[in-house]
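Q: Here it is, the structure in full.
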Amino acid sequence: MRDFLAAPGARSSLGLVRGRSYQLAGATTQRVAFGAAAPLGVAGIDLVVNSATSRQLGLVRRVAALISAPGASLRTLLTRVRAVLGPAARIESLRQQQLPVASAPPGQLPGTYLELFRASAARYCPALSWTVLAAIGQIESGDGANVGPSSAGALGPMQFLPSTWKIWGIDGFGQTGPPDIMNPYDAVPSAARLLCADGAAAGGPGLASAIFSYNHANWYVREVLALAAQYAADYP
């Protein structure tokens, strides 16, 4: 079967239609038909292709694989990957928040995204766990790796729509000048401020509602909360 499979959440969020072809990208690009939706066994893994399609896409066999599973338990994920690849496999986790913030003036502002998420939560929404900001930053832009514009026109490390930025964008950490949607030191504090205003500091249903307001999708809320919990475990 050459068709690809998708997790139910991915089918819903991407609007996949059975039998319709979509362009998948690897070393090459191929149009592959969507076959069916089914639970894939690991939370956060969205699509699966067979070996023939993998070769056509130029994926490297038995050498390297990149798994994007931001909502999965890292411990569980590594256990399951090792079960497939064997104990001799070398696995590198790219899930971390120690990426440097490129525009950090030495000694004046948080130097890594981990520090920035912690400081922004503490200063701009003290009752909000920094892990929620970290999860949103990772899911939205890979901590500044992909700053858009998105298909909806969102920009910056926290993927604000310009219309939302006009209302909530602020200068963070004592900076001056117009708030800059592309500047992490403005964007992350602004996200904390927006989440706080939407009730995130209350926790529980209030937090879930605030995350839903940030991106109107139930799968997004689940993914943010799952990844936040994992960051809390990884960075106690």
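Q: State the extension gain, in nm to one decimal, for the chain segment bounded by Ala83 and Asp234, taking 0.36 nm per residue of separation less the distance between their alpha-carbons.
A: Full extension from Ala83 to Asp234 adds 52.2 nm.
Q: Let me ask something else about it. Quick one: net charge of Leu116's neighbours, Cβ under 15 Å, K/R +1, D/E -1?
A: Residues near Leu116 contribute -3 overall.
Q: How large is the dipole of the range 142-236 about the Cα centre if only Lys and Arg carry +1 and Asp and Glu carry -1, each at its Cβ, rounded to the nearest 20 debye?
A: Roughly 200 debye for the range 142-236.
Q: Please report, for the Cα atoms of the range 94-233, the Rg to one decimal and the Dmax as a whole number; what are they, in angstrom?
A: In Å, with Rg to one decimal and Dmax whole: 13.6, 39.
Q: Please state the charge dipole magnitude for the range 100-189, taken about the Cα centre, from unit charges on C-beta atoms (+1 on K and R, -1 on D and E), reported in debye and rounded to the nearest 20.
A: It comes to approximately 120 debye.
Q: How far apart, in nm, are the 7 Å Cα→Cβ label points at Ile170 and Ile139?
A: Each label point is offset 7 Å from its Cα along the Cβ direction, giving 2.3 nm.
Q: Would you rank Thr53, Thr79 by solvent-accessible area, highest first, keeping every protein chain in place and using a 1.4 Å probe?
A: Thr79, Thr53
The values are calculated or read from the model by the stated rules, or taken from the named source; none is laboratory data. These numbers were taken from a predicted model, which means no experiment stands behind them. In this analysis, Cβ positions are derived from the backbone assuming ideal geometry, glycine residues included, and neighbour counts consider all displayed protein chains. Quick note on the areas: whole protein, heavy atoms, side chains included, nothing else; ligands and nucleic acids left out. Shrake-Rupley method; radii C 1.70, N 1.55, O 1.52, S 1.80 Å.
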